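Step one of this worksheet: look at the structure below.
The values are calculated or read from the model by the stated rules, or taken from the named source; none is laboratory data. Note that the coordinates shown come from a computational prediction; the quantities given were computed from them, not determined experimentally. Cβ: placed from backbone, ideal geometry, glycine included. Neighbour counts: every protein chain shown. These accessible areas exclude ligands, DNA and RNA; they are computed on the full protein's heavy atoms, side chains included. Shrake-Rupley method; radii C 1.70, N 1.55, O 1.52, S 1.80 Å.
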Amino acid sequence: FEQKGEPFVYRCINRLDRDTTGLIVLAKHALSAAVLSQAMRSREIHRTYQAFALGETAASGTIDAPIARLNGSLIQRTVDFASGERSVTHYRTLAHCSVFSHLELNLETGRTHQIRIHMKYLGFPLIGDYLYNPDMEHMTRQALHSHHMEFAHPITGEWMSFTAPLPADMANIMTDK
């Protein structure tokens, strides 16, 4: 837009944690932003993530564990059955290599740090997660990538599908170890 000399208001529909790579949705104008924001709230935007976790995970599973802010922290979250908000993550193991599992994850809910917290809760923290698994031996950021997204175009209703390949640092994990 800047190169074309056109004005642009940044209307981000979804967000990613710092150092998470992959797809996000930006709306070009207010009407699209309103429609897409409603689609996000009603779970009509389907997002699939890929991650690398420490340990050998089961073939698939569902994590249904409420998440709340960690006492005394503005940033960190934790599983909290007493005061947390309902949080559900579905995962499927794509491959195992050495001490890592390559996972595909789908969010039924969308809480802050949800995948990171749920995988740690299961005992399989994400590689390189500075908040929840601060071991940077294999990677210097959390191994989490917004891989695939599908939703209806906010104006035409046409079904749209996007895929972002794994970044090099994640793609090399399975071959390096």
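Points to keep in mind about this one:
- Carbon/sulfur fraction of accessible area - the stretch 8-52, other protein chains in place, 1.4 Å, %: 56 percent
- Label point at R11 placed 7 Å out along Cα→Cβ; residues across the stretch 21-42 whose backbone nitrogen lies under 14 Å: 25-40
- Put F124, F8 in order of accessible area, highest first, and with a 1.4 Å probe you get F8, F124.
- At 0.890 mPa s and 25 °C, Stokes diffusion of the stretch 21-177 via Kirkwood alpha-carbon radius, µm² per second: 148 µm²/s
- Applying 0.36 nm per residue to the separation of R86 and T156 and subtracting their alpha-carbon distance, the gain on full extension is 21.9 nm.
- Fraction of the pair-distance distribution of the stretch 103-177 above 22 Å, Cα-Cα pairs, percent: 35 percent
- Compared with the dominant principal axis of the Cα atoms in the chain, helix 30-41 is inclined by about 30°.
- A 1.4 Å probe run over the stretch 59-149, with the rest of the protein chains in place, finds 46 Å² accessible per residue.
- Label zone of F1 (point 7 Å out along Cα→Cβ, amide N under 20 Å): in the stretch 14-32 this covers 14-16, 23-32.
- Proximal charge balance of A95 [Cβ under 11 Å; K/R count +1, D/E count -1]: -1
- Its relative contact order, with pairs defined as Cα atoms under 8 Å and 6+ residues apart, puts the chain at 24 percent.
- Using C-alpha pairs below 8 Å separated by at least 6 residues, the relative contact order for the stretch 103-143 is 26 percent.
- Placing unit charges on each Cβ (+1 for Lys and Arg, -1 for Asp and Glu) gives the stretch 42-177 a dipole about its Cα centre, and among M160, T89, L54 the Cα reaching farthest toward its positive end belongs to T89.
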